[in-house]
Amino acid sequence: MLRLGTRGSRLALAQTELVKAALKKIYPQVRTETVVIKTSGDKIPDAALWTVGDKGLFTKEIDQALLEGGIDTAVHSLKDMPAQMEEGLTIAAVLKREDPRDVIISHKGFTWNTLPLEAKIGTSSLRRRAQLKYKRPDLRIENLRGNVETRIRKMQEEDFDAIILACAGVRRLDMNSLVTDYLSIEVMMPAVGQGAIALQARAGEKETQQLLAALNDAPSYWAVTAERSFLKELQGGCQAPIGALAQVEREFLTINGLILGLEGDRGCKAGLSGPFASAEQLGRKLAQQLLLEGGNEILESIRER
């Protein structure tokens, strides 16, 4: 019996079912069990994430259960994972990544190009907020948290003109018909790891790691490795507007990243390419480049607030 630890949201459970289906396809004889674990982030559904800290808000209780042997693997949305994992844990596999972009959902039918002056936009992400303000300073950005269904309901009840969500979550919930626009990375750089599902295991459990490794998608793994290295070097998370996206084509990896001020009033952006096997070094090198090009001053000003 392989026990899979996960959050209890509809999206988290849908992602766990994807993992179970993939396991069954490769290992028909392996039995699985879903173990739902409530995280700190689940207990504060309305607070803006940047006001309560971000070190594993949606992962630490699951990681603790894994370390203590209550589960055999943790199923995480990779974008929720801190850049520095708990000692004793490892990423055993990254499933094939879904579309990493952000999308607009608007019950009024708005797209990025048709959003009216001073449109009311809902998001709980500093990264999204800063990029929206950078492109459209006139927009009114208001905090909006909750699962995908809750945000869509609040959009209608509280008369938001649009909300911004991760494409991957919307697709996994089979709600793609609600999308009114897909945002290019030139408009909205994704969060580190967005669209990827990570499977964690205990570092010493080689048998479990080998079993899970069959689910690993190499291009997705190397891409998120570069992005997480970028984030780790910047020591950033939900409390700083940081975005990155790495993509692998044949033997090469390209990573783009950005750092913005909280109000999108200043920022720096760059990209690097190199062999995918150097993913970690490429992410770190890009972070160091952006720090030298003004990113350090931006992050220092955010930390001092």
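The values are calculated or read from the model by the stated rules, or taken from the named source; none is laboratory data. Since the model is a prediction, treat every value here as computed from it, not as a measurement. Methodologically, a virtual Cβ is constructed for each residue, glycine included, from the backbone with ideal geometry; neighbour enumeration extends over all protein chains shown.
Residues Gln239, Gln281: which one is at pLDDT below 95, in contact with a helix residue (DSSP H, G or I) (Cβ under 8 Å, 6 or more places away or on another chain) and closer than 19 Å to Met85 by Cα?
Gln239
Cβ-Cβ distance below 8 Å, separation of 6 or more or different chains: which pairs start in segment 143-167 with a residue that is among the acidic types (Asp, Glu) and end on one that is surrounded by 15 or more Cβ atoms within 10 Å (Cβ to Cβ) and in a strand (DSSP E or B)?
Taking only residues 6 or more apart or on different chains, the pairs are Glu158/Gly122; Asp159/Lys120; Asp161/Lys120; Asp161/Ile121.
Collect the residues in segment 171-190 that are out of contact with any Asp or Glu (no Cβ under 9 Å at 6 or more places or on another chain) and either part of a helix (DSSP H, G or I) or closer than 10 Å to Ser106 by Cα (or both), keeping them in residue-number order.
Asn176, Ser177, Leu178, Val179, Thr180, Asp181
Residue under question is Gln156, and the condition is that it be out of contact with any Gly (no Cβ under 9 Å at 6 or more places or on another chain) and within 20 Å of Thr225 (Cβ to Cβ); does it hold?
Against the criterion (out of contact with any Gly (no Cβ under 9 Å at 6 or more places or on another chain) and within 20 Å of Thr225 (Cβ to Cβ)), Gln156 does not qualify.
Report yes if Gln194 is in contact with a Pro (Cβ under 8 Å, 6 or more places away or on another chain) and either at negative phi or crowded, with 23+ Cβ neighbours inside 10 Å (or both), otherwise no.
The answer is yes for Gln194.
Give me the residue from segment 191-219 that is in contact with a helix residue (DSSP H, G or I) (Cβ under 9 Å, 6 or more places away or on another chain) and polar (S, T, N, Q) and, out of that set, nearest to Thr111 (Cα to Cα).
Gln194
Report, ordered by the first and then the second residue, all pairs with beta carbons closer than 9 Å, sequence separation of six or more or different chains, a first member in segment 290-305 that is closer than 19 Å to Ala270 by Cβ and in the same structural domain as Ile259 (by TED's automatic domain parsing), and a second member that is in a helix (DSSP H, G or I) and small (Gly, Ala, Ser).
The qualifying pairs are Gly295/Ala287.
Is it the case that some residue within segment 248-258 is closer than 30 Å to Met1 by Cβ, at pLDDT 95 or above and touching a helix residue (DSSP H, G or I) at 6+ places or on another chain (Cβ under 6 Å)?
No, segment 248-258 has no match at all.
Of the residues Arg250, Arg228, which single one is outside the structural domain of Ile91 (by TED's automatic domain parsing) and either over 26 Å from Thr90 (Cβ atoms) or touching an Asp or Glu at 6+ places or on another chain (Cβ under 6 Å) (or both)?
Arg250
Which one is surrounded by the fewest Cβ atoms within 10 Å (Cβ to Cβ) among residues in segment 234-288 that are touching a Leu at 6+ places or on another chain (Cβ under 8 Å), of a type in the set (A, V, I, L, M) and over 20 Å from Pro219 (Cβ atoms)?
Looking at the filtered set, the residue picked out is Ala270.
Name the residues in segment 105-144 that are of a type in the set (D, E, K, R), under 26 Å from Cys268 (Cα atoms) and part of a loop (DSSP other than H, G, I, E, B), would you?
Within segment 105-144, Glu118, Arg136, Asp138 qualify.
Quick one: which residue in Thr150, Thr180 is hydroxyl-bearing (Ser, Thr, Tyr), surrounded by fewer than 20 Cβ atoms within 10 Å (Cβ to Cβ) and either in contact with a helix residue (DSSP H, G or I) (Cβ under 8 Å, 6 or more places away or on another chain) or modelled with pLDDT of 95 or more (or both)?
Of Thr150, Thr180, the one residue that is hydroxyl-bearing (Ser, Thr, Tyr), surrounded by fewer than 20 Cβ atoms within 10 Å (Cβ to Cβ) and either in contact with a helix residue (DSSP H, G or I) (Cβ under 8 Å, 6 or more places away or on another chain) or modelled with pLDDT of 95 or more (or both) is Thr180.
Restricting attention to segment 78-104, which residues are of a type in the set (Asp, Glu) and assigned to a strand (DSSP E or B)?
Asp102
State whether the residues of segment 201-219 include one that is of a type in the set (Val, Ile, Thr), under 21 Å from Leu231 (Cβ atoms) and in contact with a Leu (Cβ under 8 Å, 6 or more places away or on another chain).
no
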